[in-house]
Amino acid sequence: MSKKPAKTPSRRPAKPASQTQPKVAANRPNGRLVDDTPERIARALEAIAAQLATSAPAQAKAPSFADADAYVWHPNGRLSKVARVARVEIDLLKGIDRMRDILIENTERFADGLPANNALLWGARGMGKSSLVKAAHARINLERDEADKLKLIEIHREDIESLPALMDILRASSFRFIVFCDDLSFDGNDASYKSLKAVLEGGIEGRPENVILYATSNRRHLLAREMIENERSTAINPGEAVEEKVSLSDRFGLWLGFHRCSQDEYLAMVNGYCRHFGITVAEDELEHEALEWATTRGSRSGRVAWQFIQELAGRLGIRLSSK
């Protein structure tokens, strides 16, 4: 039997020397590989720094404040003027006479450079809390010279953390300011209230002498009830657990409570609007329709009264323009 010839192992073609030898940097001494990672990182960091420098917002600059009586604060450091404030005349705010008189007196003292308190307007929704702040501002400015007028600055609830920056701008001005935050409240682990606490009383600089803070809220302590109860139930010392957050409302020296209005107060609001805008309807018919409107809304308040007047005026073809 003949033997098969032994297989000779196949040999792959040898790779060119350029593929088997390590790549050498063309301009490195002695042909050695040099790790340029640190240099590339440094160049990248320099590029990022240059980009940040060009995109960083400009330092906040104070406007002259002579162009308008009201402004809106933006967290990027900009104050935009409000040409026409959406407000209700103070004589149309019915059922809140006591709170109206107290707030106007406090605001007037502040405008005259006398001691005055930060104010927290709290209570039932739709009862004219924010309307009273804007109306009081207009009433105080009614007979004042341009140089003595109060300026109204609105800051939104979500921008409270930027409040110290706003204070820095207002501190240097010769005007006096009402900083107003509508519907102020805090939930969960929200820590932005600390910025407000520092401005109200606790910080080194504190509140500038030419600034007063007015806030409205549906909550007396600016916190949800379940939030307070949860803090008490889980803390070792229930009293100390909520003291820091509850103490925020204590830093408002003036508390004004707004409660749900009675039927007579609600009807007085409706009649006041009718007289002001010249709406003539039979008394019994007006009362019946106004009460029916409140029943369908499930509440009686200044807001509900105003909504009814808008419905009534629209139906009668009457324009709601101030006299």
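Quick one: is I90 in contact (Cβ under 8 Å) with a residue 12 or more places away in the chain, over 28 Å from S195 (Cα atoms) and in contact with a helix residue (DSSP H, G or I) (Cβ under 9 Å, 6 or more places away or on another chain)?
The answer is yes for I90.
Hey, can you tell me all the residues within the range 32-48 that are surrounded by fewer than 10 Cβ atoms within 10 Å (Cβ to Cβ), at pLDDT below 70 and not basic (K, R)?
D35
Looking for whichever is in the same structural domain as P208 (by TED's automatic domain parsing) and closer than 27 Å to R219 by Cα here; the options are D168, D97, D112. Which one fits?
The unique qualifying residue is D97.
Scanning for something closer than 29 Å to R220 by Cα and modelled with pLDDT of 90 or more, does the range 308-315 turn up at least one residue?
Yes, the range 308-315 contains a residue that is closer than 29 Å to R220 by Cα and modelled with pLDDT of 90 or more.
If S80 satisfies every condition in (1) surrounded by 15 or more Cβ atoms within 10 Å (Cβ to Cβ); (2) touching a His at 6+ places or on another chain (Cβ under 7 Å) but one, which is the exception?
(1)
Within the range 112-139, which residues are of a type in the set (A, V, I, L, M, F, W, C) and either closer than 12 Å to F177 by Cα or not in a helix (DSSP H, G or I) (or both)?
Within the range 112-139, L114, A116, A119, L120, L121, W122, A124, M127 meet the criteria.
Within the range 263-280, take every residue that is in contact (Cβ under 8 Å) with a residue 40 or more places away in the chain and in a helix (DSSP H, G or I) and give me the one that is surrounded by the most Cβ atoms within 10 Å (Cβ to Cβ).
Looking at the filtered set, the residue picked out is M269.
Restricting to the range 290-323, name every residue that is surrounded by 10 or more Cβ atoms within 10 Å (Cβ to Cβ) and part of a loop (DSSP other than H, G, I, E, B).
Result: S299, R300, S301, I318, L320.
The values are calculated or read from the model by the stated rules, or taken from the named source; none is laboratory data. Only a predicted model underlies this, so the values are computations on that prediction, with no experimental measurement involved. We place every Cβ from the backbone using ideal geometry, glycine too, and count neighbours over all the protein chains shown.
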